[in-house]
Amino acid sequence: MTRPLPSAAWFLLAALTHGSSARSQQTLPVAPADPAIASAIAGISPRRIHDDIAKLVSFGNRSTLSSMDTDLPPGTGVTAAADWIFAEFTRISAECGNCMEVRRDDEIEPGTPKTRILKDTRLQNIYAVLKGMDPAQVNRRVLVTGHYDSRNSDNFNTHDPAPGANDDASGVAVSLESARVLSRLKFPATIVFVAVAGEEQGLNGSRHLAKLARAEGWDLEAVLNDDIVGGDTTPGQTGQDKSAVRIFSEGVPAPTTPEQLRMIQTLGAESDSPSRELARAILDVSHSYFHATEERPAPVAGGHARSQMIRLVPAFHPVLIFRRDRFLRGGDHTSFNAEGFAAVRFTEWQENFDHQHQTPRLEAGTLQNGTTGQIQYGDFLQYVDIEYVANVARLNAACLATFAAAPGEPAEVHILTKALDNNTELSWRPPAGAPAGTTYEVVWRGTDAPTWTNLQSAGAALEIKLPISKDNVVFGLRSSDAAGHKSPAVYPMPQNR
Ligand SMILES: [Zn+2]
C-alpha cells in the first residue's frame with residue numbers, strides 16, 4: 001500500500017512541481033545540529049593539528065621508497081613516521097579506555113620496471129577502528145583518510161628533505177584529530193581513521209586498503225579523503241579562499257559495466273553516483289554545523305548588551321566540484337571508487353605548485369605579485385594555515401559523526417515505472433540493522449539543478465506516491481533517525497512491476 005499524503009500537502013506539491021517551479025531555488029530545511037557532535041567539533045584543536053604536521057615534517061623525507069633504506073638517520077624516513085602514527089593512534093585509544101583497535105595493513109609491493117616502484121618495497125597503512133556500539137550496525141563503516149608519505153622533485157630521492165606539510169601531513173592531521181574528538185563519543189556504526197602510504201607512487205597504499213575492505217566485506221558507506229587541505233598561504237597570493245574547501249566526486253561510478261552505463265545514459269543519472277550523493281550529503285551536514293560568520297552582542301548579566309561582539313561560528317563551506325579529481329592529478333579516493341565504494345576528495349580552494357612535490361630550494365623567478373625575485377620552493381609548514389586545516393577537520397568530523405549516527409542508507413530503492421503517468425511512486429526496504437524510529441525522506445531537484453532543492457518526509461512508510469512527474473526531476477531517498485541524523489541519499493533504480 002502506498003502511504004497517502006494529506007490532501008493539502010498533495011495540492012501544495014502539485015502546485016509547486018507542475019509549474020515552472022520544479023526549478024525552484026528552494027533549499028532543504030537544515031537538520032538541527034546534534035549538541036554532542038557540535039561539542040566534539042568545538043574540541044578540534046588547531047594547536048594539536050599544528051603539532052601533528054610539525055611532527056610529520058620532522059621525519060625529513062617520508063617517501064614510501066625510504067622504507068627499504070638501511071642508511072637513514074634515526075627518526076627519519078617513512079617507517080619512523082608510520083611508527084609514530086601507530087603510537088599516536090594507540091595513545092588516543094588509551095585515553096578512551098582502549099576504545100579503538102589500532103592496526104597495520106602491511107605489504108610488500110613488488111618492484112616493476114619503468115614504474116615509480118622499481119624494487120620490492122614495504123608499504124604499510126596505519127588505521128584505527130572505533131567500533132560501532134550497535135551489533136546490528138557494527139559492520140557499517142565510514143572512513144577518513146590522508147596519506148602520510150611525501151615526495152620532493154625526484155620520486156626516487158629518499159634522503160633530501162620532502163617536508164610534505166600540506167601534501168599530505170595536513171590530511172593525516174585531519175584523520176588524527178577526528179579520532180581524538182570522536183573517540184570520546186559512541187556511535188552505532190563504525191568509524192575508521194586512516195593514514196595511508198604509497199600515494200605518491202600511484203595510490204598503492206589506498207588500493208591495498210580498498211581491496212582489503214572489499215575482501216573483508218566492509219559495508220563501507222562513505223570515504224572522506226583529505227589531501228592538500230592546508231589552505232596554502234603564500235605572500236602575494238590572491239586566489240586563495242580560506243572559507244571554501246573543494247569536494248571532488250565522480251559522476252559515473254568507476255566499475256560500471258556496459259549494461260549499467262547504458263542504464264545511466266537512459267536515465268540521465270550521470271550525476272547521481274553514490275560518491276556524488278555523498279558529496280551532496282556533506283553539503284547538507286555543513287549547513288547544520290557551519291553558518292556564515294554571524295556576530296551578535298555578547299550577553300552580559302542583567303541582559304544589557306555591550307558593544308563587544310562575539311563571533312559565533314567560523315564562515316566555512318564546501319564547494320562541490322563535479323569531477324573525480326583535478327586535471328592531471330589523482331588521489332586515494334579513486335582507489336575506493338575503483339572497488340565500488342562512495343568516496344570523495346577534500347582539497348583546498350587553490351593549490352600552490354611551488355609548495356608541492358618540490359625539493360626545497362631558492363630560485364629566481366616571477367613571484368605571486370608579478371615582480372621578480374627569489375622563489376622559495378618546498379612544502380613547508382610555514383605555508384599551511386592551521387586554522388583552515390582545523391575547519392576542514394571540523395567538517396570531516398561532523399560528517400563522520402552524522403553518517404555513523406544515522407541509520408544506514410535505505411536498501412532496494414526503486415522508482416516504479418509500470419504506470420505510464422505523471423506521478424512518481426517510490427519503494428524501498430529498511431537499511432540493514434535499522435534502529436527503531438527510522439524514518440525516510442524523499443529529496444529531489446530539477447534535472448538541471450546540482451543539489452537537492454525539495455524534501456518530503458515519508459515517515460516510517462516503505463513507499464510513497466507523489467504528484468510529480470518522474471520525467472521532470474531527479475529523486476533520492478535517505479534515512480533519518482529520531483534525532484535527525486541523515487544518511488546520504490540513494491538514487492532510485494527503475495522497477496517495472
Ligand atoms: Zn597528496
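The values are calculated or read from the model by the stated rules, or taken from the named source; none is laboratory data. Here the structure is a predicted model, which is why all the values come from computation and not from measurement. Cβ: placed from backbone, ideal geometry, glycine included. Neighbour counts: every protein chain shown.
Name the residues in segment 214-269 that are surrounded by 22 or more Cβ atoms within 10 Å (Cβ to Cβ) and farther than 13 Å from Y388 by Cβ, would you?
L220, E221, A222, V223, L224, N225, D227, I247, F248, S249, E250
Select, from V192, V196, the only residue that is within 13 Å of the ligand (Cβ to nearest atom) and among the β-branched types (V, I, T). Reasoning before the result, please.
Numbers: V192 fails: within 13 Å of the ligand (Cβ to nearest atom).
Within the list V192, V196, the selection yields V196.
If you check S24 against the conditions, is it at pLDDT below 95 and farther than 20 Å from L400 by Cα? Write out each step before concluding.
Details: at pLDDT below 95: yes; farther than 20 Å from L400 by Cα: yes.
So S24 passes the test.
Could you identify the single residue in R246, R262, R276 that is touching a Pro at 6+ places or on another chain (Cβ under 8 Å) and not hydroxyl-bearing (S, T, Y)?
Working: R262 fails: touching a Pro at 6+ places or on another chain (Cβ under 8 Å); R276 fails: touching a Pro at 6+ places or on another chain (Cβ under 8 Å).
Result of the check over R246, R262, R276: R246.
Evaluate segment 161-173: report whether one residue or more is of a type outside the set (A, V, I, L, M), assigned to a strand (DSSP E or B) and within 16 Å of the ligand (Cβ to nearest atom).
So the first thing to find is which residues in segment 161-173 are of a type outside the set (A, V, I, L, M), and the list is 161, 163-164, 166-168, 170-171.
Remaining after also requiring assigned to a strand (DSSP E or B): none.
No: segment 161-173 contains no residue that is of a type outside the set (A, V, I, L, M), assigned to a strand (DSSP E or B) and within 16 Å of the ligand (Cβ to nearest atom).
Being assigned by TED's automatic domain parsing to the domain that holds R62, within 14 Å of the chain's Cα centre (by Cα) and buried (at least 21 other Cβ atoms within 10 Å of the Cβ): is that true of A390 here?
no
Going through segment 115-154 one residue at a time, which ones are part of a strand (DSSP E or B) and either more than 22 Å from G202 (Cβ to Cβ) or among the basic types (K, R) (or both)? Walk me through how you get there before you give the answer.
We begin by selecting, within segment 115-154, every residue part of a strand (DSSP E or B); these are 121-130, 140-147.
Matches in segment 115-154: R122, A128, V129, L130, R140, R141, V142.
Kindly indicate whether T158 is more than 15 Å from A404 (Cβ to Cβ), away from the ligand (no atom under 13 Å from the Cβ), in contact with an Asp or Glu (Cβ under 9 Å, 6 or more places away or on another chain) and of a type in the set (V, I, T). Break it down stepwise before answering.
Numbers: more than 15 Å from A404 (Cβ to Cβ): yes; away from the ligand (no atom under 13 Å from the Cβ): yes; in contact with an Asp or Glu (Cβ under 9 Å, 6 or more places away or on another chain): yes; of a type in the set (V, I, T): yes.
In short, yes.
Considering only residues that are surrounded by 24 or more Cβ atoms within 10 Å (Cβ to Cβ) and β-branched (V, I, T), look in segment 121-148 and name the one that is nearest to G331 (Cα to Cα).
Among those that are surrounded by 24 or more Cβ atoms within 10 Å (Cβ to Cβ) and β-branched (V, I, T), it is T145.
Taking the condition within 16 Å of the ligand (Cβ to nearest atom), crowded, with 17+ Cβ neighbours inside 10 Å and within 27 Å of L278 (Cβ to Cβ), does D105 pass? Talk me through it step by step, then tell me what you get.
Working: within 16 Å of the ligand (Cβ to nearest atom): no; crowded, with 17+ Cβ neighbours inside 10 Å: yes; within 27 Å of L278 (Cβ to Cβ): yes.
Spelling it out, it is not the case that D105 is within 16 Å of the ligand (Cβ to nearest atom), crowded, with 17+ Cβ neighbours inside 10 Å and within 27 Å of L278 (Cβ to Cβ).
Across segment 214-233, which residue is nearest to E351 (Cα to Cα) among those that are touching a strand residue (DSSP E or B) at 6+ places or on another chain (Cβ under 9 Å) and more than 16 Å from the ligand (Cβ to nearest atom)?
Pass one, segment 214-233, residues touching a strand residue (DSSP E or B) at 6+ places or on another chain (Cβ under 9 Å): 214, 218-232.
Those left that are additionally more than 16 Å from the ligand (Cβ to nearest atom): 214, 218-222.
Values: R214: 32, W218: 33, D219: 33, L220: 30, E221: 29, A222: 25 Å.
Within segment 214-233, the match that is nearest to E351 (Cα to Cα) is A222.
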